[in-house]
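Please treat every number below as a calculation from the coordinates, not as lab data. As the structure is a prediction and not an experimental result, all values here were calculated from the model. Here the Cβ positions follow ideal geometry from the backbone for every residue, glycine too, while neighbour counts run over all protein chains shown.
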Amino acid sequence: MQTRSVAMEEGKELPMPSRTIQARVLPLKLLLFFLLFLGVGIAFIIISMLMSRHFYVDNVIIPATSNRVQPCFQEPLSFRSWIKPPSTVWHTMNDSQLFWRASFDPQITSYPFKRVPKIAFMFLTRGPLPMARLWDRYFKGHEEHYSVYIHALPSYVEDYPPSSAFYRRQIPSQVAEWGMMSMCDAERRLLANALLDISNEWFILLSEACIPLQSFPIAYLYLSISHTSYMGSYDDPGPFGRGRYNDNMAPLVNLSDWRKGSQWFEVNRKLAIDIVKDDTYYPIFEKFCRPACYVDEHYFQTMLSIQSPHLLANRSLTWTDWSRGGAHPATFGAADMEKKFFKNIIEKQKCMFHNQTSSACFLFARKFAPSALDTLLAHSFEFFGY
């Protein structure tokens with residue numbers, strides 16, 4: 001007992017300090033091991049992230065078979081998608097979008113594909129086309145050389161048979177009021193829809209009361225050899241011409257520029273694009289040409305006379321009888337349908353064609369009542385050659 005006490009007093013008890021040193025060394029090793037493990041874990045995480053990103057790029061973003069990435073050579077971006085006509089005339093574009101799209105104009109005049117020029121027949125009507133059966137006879141056999149567009153009241157539902165050239169050819173439309181800018185809007189809408197077909201070269205505006213005076217081959221030849229477009233554009237010094245001019249239109253449109261002409265016209269593709277893309281003359285005519293200034297008789301006629309006078313024949317291809325006076329031309333019914341009547345229109349008129357006096361002046365005529373249809377169908381070959 002004494003020996004132990006002395007030993008303790010003299011510091012001879014050595015086992016206790018040894019255990020204390022070991023206890024201090026052990027946590028240090030654990031700490032180093034933990035830090036090493038943590039470093040390995042961090043390195044593993046970084047490598048995993050890099051490998052994951054690499055495989056995500058390779059397997060999800062790059063392959064052309066992904067459902068979210070469309071290869072650049074698919075059909076929507078093919079050359080054919082630019083030149084083939086729309087499968088339907090119906091669409092969801094508003095006027096601003098439609099006019100912008102229709103104003104596209106290739107600057108290279110030669111076509112890198114076989115293009116068969118077509119005539120676009122544009123019918124501006126309130127509802128049905130009473131002369132549709134006569135027109136179907138006129139069109140028969142010439143399907144590759146024409147296209148049809150109808151602007152009717154939005155509420156009108158067409159009921160033409162599938163065999164008709166007018167079947168499902170009604171474009172998205174709006175109400176057009178006689179003598180108002182909405183009438184020119186409807187005409188621009190027809191032109192814009194027709195311009196979406198790159199093959200349409202000539203654009204003819206017609207009413208529901210119009211009929212063809214010549215066979216289709218004659219009309220096609222007539223337009224194909226013409227160097228001008230057929231829009232009446234002349235200086236009328238009277239109250240129904242210059243008398244409708246508003247001084248507020250100057251200096252953009254001066255009195256010396258003011259022109260008048262028939263609403264019913266034919267224009268080539270260049271002039272059709274000029275009409276559709278116009279945002280210079282439109283605002284001033286909309287503001288200052290209101291009844292008794294009838295804008296459909298002055299807007300296009302004046303604008304094109306200023307911009308492209310050398311491209312206008314300054315006459316219409318649609319015969320109309322104004323001899324009876326009044327605000328509207330004469331209407332013809334069943335009693336008027338005689339060979340002599342049409343012979344006077346077709347053969348006894350005089351006009352300039354290819355800088356020469358000619359009797360080949362009109363391809364169409366108006367206004368014909370529905371009662372005239374049966375007689376026209378019975379004698380169309382005798383009268384018109386179709």
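Data for the structure
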| quantity | calculated |
| --- | --- |
| Ranked His298, His379, criterion: other C-beta atoms within 10 Å, fewest first | His379, His298 |
| Cα-based shape type of the range 84-316, given that a ≥ b ≥ c are square roots of the gyration tensor eigenvalues and the cut on a/c is 1.5 | prolate |
| For Ala365, distant residues with modelled amide H under 5 Å away | Ile211, Leu213, Trp319 |
| Modelled label reach - Asn246, point 7 Å along Cα→Cβ, the range 288-321 residues with backbone N closer than 16 Å | 288-300, 302-303 |
| Sites Ser308 and Ile42, calculated FRET efficiency, Cβ-Cβ separation with R0 56 Å, nearest 0.05 | 0.15 |
| Those GluC sites (Glu not before Pro) in the range 297-356 that DSSP places in a loop and that have at most 15 other beta carbons within 10 Å | Glu338 |
| Residues with amide H under 5 Å from that of Tyr160, placed H, sequence gap 5 or more | Arg168 |
| Burial ordering of Val267, Val89, fewest other beta-carbon atoms within 10 Å first | Val89, Val267 |
| FRET efficiency, 1/(1 + (r/R0)^6) with R0 30 Å, evaluated for Ser81 and Thr109 via beta carbons | 0.90 |
| Additional length obtainable on full extension of the chain from Leu153 to Glu338, 0.36 nm per residue less Cα span | 63.3 nm |
| 5 angstrom amide H check on Arg315, placed H, neighbours 5+ away | Met231, Gly232, Ser233 |
| For the range 145-157, Karplus couplings with θ = phi - 60° (6.51, -1.76, 1.60), whole Hz, Gly/Pro x | 10, 8, 9, 10, 9, 10, 10, 10, 4, x, 7, 6, 10 |
| Candidate lysines - alpha carbon under 29 Å from Lys339, same-chain residues fewer than 8 apart omitted | Lys140, Lys348, Lys350, Lys367 |
| Which of Cys210, Cys293 has the fewest Cβ neighbours within 10 Å, and the rest in rising order | Cys293, Cys210 |
| Candidate aspartates and glutamates - alpha carbon under 16 Å from Lys118, same-chain residues fewer than 8 apart omitted | Glu143, Glu144, Asp197, Glu201, Glu266 |
| Calculated P(r) tail over 14 Å for the range 322-373, as whole % of Cα pairs | 62 percent |
| Charge context of Lys340, other residues only, Cβ under 11 angstrom, K/R +1, D/E -1 | 0 |
